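K.L.:
I'd like to ask you about the structure that follows.
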């Protein structure tokens, strides 16, 4: 398990590895649905470096019930 950079959940885990061995690994958080590659900049992958303006409080997630409508194709 990994720590989610966005919500600090300890439940994030590996989803997939790159087809080229060792190139990257994809992680996902089942709490806030944040997904990241191990090859991304540490400001997106490290909880301590993640921009605090974009952090998500786990207690607020159930309150985020508004899901935007998907626009129709033109």
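Just so you know, all these numbers are worked out from the coordinates, no wet-lab data involved. Quick caveat: nothing in here was measured; it's all calculated off a predicted structure.
K.L.:
Candidates (i) 43; (ii) 61; (iii) 65; which is the computed percent of Cα pairs over 19 Å apart?
P.N.:
Looking at percent of Cα pairs over 19 Å apart for this model, the match is (i).
K.L.:
Taking 8 Å as the Cα distance limit and 6 or more residues as the minimum spacing, I'd like the relative contact order of region 1-52 as a percentage. Walk me through the numbers on the way to the answer.
P.N.:
Values: 97 pairs, mean separation 16.1, N = 52.
RCO, region 1-52: 31 percent.
K.L.:
Which residue fluctuates most in the GNM of the chain (Cα springs below 10 Å): 39, 21, 47?
P.N.:
Comparing 39, 21, 47 in a Gaussian network model of the chain, the most mobile one is 21.
K.L.:
Compute a Gaussian network model of the chain, connecting alpha carbons closer than 10 Å, and tell me which residue from 60, 17, 41 fluctuates the most.
P.N.:
Of 60, 17, 41, the Gaussian network model singles out 60 as fluctuating most.
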